[in-house]
Amino acid sequence: MLTKQEIAARLQSVRERIAASERRSGRAPGSVRLVLASKTQPAEALRAAYLAGARDFGENYVQEAVHKRAELGDLPGVTWHLIGHLQTNKAALAARTFDLIQTVDSERLANALAKARPSPPIPALIEVNLGAETTKAGVRADEVERLVEAVRAEVELRGLMTIPPPGRADEARRYFIQLRELRGRVAAASGLALSELSMGMTDDFEVAVEEGATMVRIGRAVFGERVK
Ligand SMILES: *Cc1c(COP(=O)(O)O)cnc(C)c1O
């Protein structure tokens with residue numbers, strides 16, 4: 001793990017880069033929420049980021065998040081995001097552990113979440129697999145509208161999330177544009193606001209901000225390279 005000072009300095013630098021991208025693209029300052037992708041990081045790394053001002057953590061594994069939440073239970077005001085794929089058999093535990101599930105990709109999963117948290121329903125994003133990669137979770141773009149109708153009563157839908165296919169940052173741009181346009185179409189068709197666009201990671205978050213991200217999920221730029 002990096003030192004607390006390093007984590008604080010890197011967090012500050014990421015914040016400045018987000019702010020610069022907001023300015024460059026004419027977006028209001030503070031319109032992008034920084035979610036720290038903290039998988040494999042020890043709770044102490046998250047604590048260091050918290051003390052430097054971070055309030056949103058994104059975890060990939062339910063069990064790992066359960067432990068970290070417990071270890072960081074003394075820190076008020078943290079929002080926990082699930083950003084990894086969720087299996088239906090872990091939905092009940094996930095519904096108790098997270099504040100926002102970013103990776104809803106099936107009706108079955110939404111049903112299981114609703115059963116665990118019927119009212120108020122849990123806030124959620126739909127994960128979209130824009131490259132239609134068979135190795136990746138998420139629904140294909142052409143299935144999103146149908147899934148929104150199927151799950152809108154089960155979870156509180158707030159928007160869309162994507163991880164673009166691997167490639168350079170300038171190649172990611174077209175996927176970010178696709179997600180933004182898809183959100184516009186689905187919002188119009190469903191009458192839901194779907195205001196959140198969760199897109200952009202360490203290698204491409206500035207492009208994502210330019211294309212309308214409301215949340216970026218950043219790991220390595222703040223915590224350093226993952227060792228595990
Ligand atoms: C790990 C991860 C990130 C962050 O990736 P970095 O390249 O470390 O910034 C973002 N989103 C998801 C879903 C992840 O699993």
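The values are calculated or read from the model by the stated rules, or taken from the named source; none is laboratory data. Quantities reported herein were computed from a predicted structural model and do not represent experimental measurements. Note that we place each Cβ from the backbone using ideal geometry, even for glycine, and neighbour counts take in every protein chain shown. SASA here: full protein model, heavy atoms, side chains in, ligands and nucleic acids out. Shrake-Rupley method; radii C 1.70, N 1.55, O 1.52, S 1.80 Å.
Helices (runs of 4 or more DSSP H) fully within segment 1-110 that include at least 2 residues being surrounded by fewer than 16 Cβ atoms within 10 Å (Cβ to Cβ) and basic (K, R): 4-24. Of the residues making up segment 198-216, at least one is assigned to a loop (DSSP other than H, G, I, E, B), surrounded by fewer than 24 Cβ atoms within 10 Å (Cβ to Cβ), β-branched (V, I, T) and more than 10 Å from the ligand (Cβ to nearest atom). For segment 154-162, the count of residues that are at pLDDT 95 or above, under 21 Å from I101 (Cβ atoms) and surrounded by fewer than 18 Cβ atoms within 10 Å (Cβ to Cβ) is at least one.
Suppose the filter is farther than 24 Å from V207 by Cβ, in a strand (DSSP E or B) and more than 15 Å from the ligand (Cβ to nearest atom); does L157 pass it? Judged against the criteria, L157 is a match. Take the residues in segment 217-228 that are assigned to a loop (DSSP other than H, G, I, E, B) and open to solvent by 30 Å² or more (accessible area, probe 1.4 Å), then tell me which one is nearest to the ligand (Cβ to nearest atom). Here the answer is R226. The number of residues in segment 51-96 being more than 16 Å from the ligand (Cβ to nearest atom) and of a type in the set (S, T, N, Q) comes to 2.
Residues in segment 179-197 that are open to solvent by less than 70 Å² (accessible area, probe 1.4 Å) and part of a helix (DSSP H, G or I) were compared, and the one that is nearest to the ligand (Cβ to nearest atom) is L179. Inspect all residues belonging to segment 129-149 and state whether any of them is open to solvent by 60 Å² or more (accessible area, probe 1.4 Å), away from the ligand (no atom under 16 Å from the Cβ) and of a type in the set (G, A, S). Looking through segment 129-149, none of the residues is open to solvent by 60 Å² or more (accessible area, probe 1.4 Å), away from the ligand (no atom under 16 Å from the Cβ) and of a type in the set (G, A, S).
Going by what's in this entry, would K115 be described as farther than 21 Å from G219 by Cα, of a type outside the set (G, A, S), more than 14 Å from the ligand (Cβ to nearest atom) and loosely packed, with under 15 Cβ neighbours inside 10 Å? Yes; evaluated as a whole, the condition is true for this residue.
Of all the listed residues (E44, E16), the sole one being free of Cβ contacts under 8 Å to residues at least 60 places away in the same chain and closer than 19 Å to T214 by Cβ is E16.
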